Amino acid sequence: YELVRLKALDKTTDIVSSLVPHSVVIILIASFMLFLNLGLALWLGELFGKMFYGFFVVAGFYFLAGIFIHLFMNKWLKRVVGNYFIKHLLK
């Protein structure tokens, strides 16, 4: 029982410790994307003459990208994430 408990603790610690650096990178990339998109929306709004037009264009782009990912890349993303966790569990 003690051996199983220690192995489970080891695997859990390994997974959590590998997720922390990834989480920091994801937060930094998300911050970068936020400011990039705000700047792009403001710039497009200035080009189109009304500020909110730029935000509509950026939102429309993300709407279309979300539909594309949902329709064409859903299975691929599930496989990649599943393989990542399985690899770390069997390590």
*Using the alpha-carbon atoms, what tilt in degrees (0 to 90, nearest 10) does helix 51-72 show relative to the longest principal axis of the chain?*
40 degrees
*Stokes-Einstein diffusion coefficient of the chain, Kirkwood radius over Cα pairs, 4 °C, 1.567 mPa s, in µm²/s*: 78 µm²/s
*Report the extension gain between Arg79 and Thr12 in nm, rounded to one decimal, defined as 0.36 nm multiplied by the number of residues separating them, less their alpha carbon distance.*
22.0 nm
*Placing +1 at every Lys and Arg Cβ and -1 at every Asp and Glu Cβ, with all other atoms neutral, what dipole size does the chain have around its Cα centre, in debye to the nearest 20?*
400 debye
*Roll a 1.4 angstrom probe over the protein heavy atoms and tell me the percent of accessible area of the chain that is carbon or sulfur.*
78 percent
*Relative to the longest principal axis of the chain, what angle (0 to 90°, nearest 10) does the C-alpha long axis of helix 2-48 take?*
10 degrees
*In Å², what does the accessible area per residue of the chain work out to with a 1.4 Å probe?*
85 Å²
*asked:* If you filter region 1-72 for chymotrypsin sites (Phe, Trp or Tyr not before Pro), then keep DSSP loop positions with at most 12 other Cβ within 10 Å, what is left?
replied: Tyr1
*Measuring from a point 7 Å past the Cα of Leu90 along Cα-to-C-beta, which residues in region 4-29 have an amide N at less than 20 Å?*
7-16, 18-19
_Below 8 Å between Cα atoms, with a sequence gap of 6+, how large is the relative contact order for region 38-82 in percent?_
25 percent
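The values are calculated or read from the model by the stated rules, or taken from the named source; none is laboratory data. Note that the coordinates shown come from a computational prediction; the quantities given were computed from them, not determined experimentally. Note that we place each Cβ from the backbone using ideal geometry, even for glycine, and neighbour counts take in every protein chain shown. Only protein heavy atoms, including side chains, enter the accessible area calculation; ligands, DNA and RNA are left aside. Shrake-Rupley method; radii C 1.70, N 1.55, O 1.52, S 1.80 Å.
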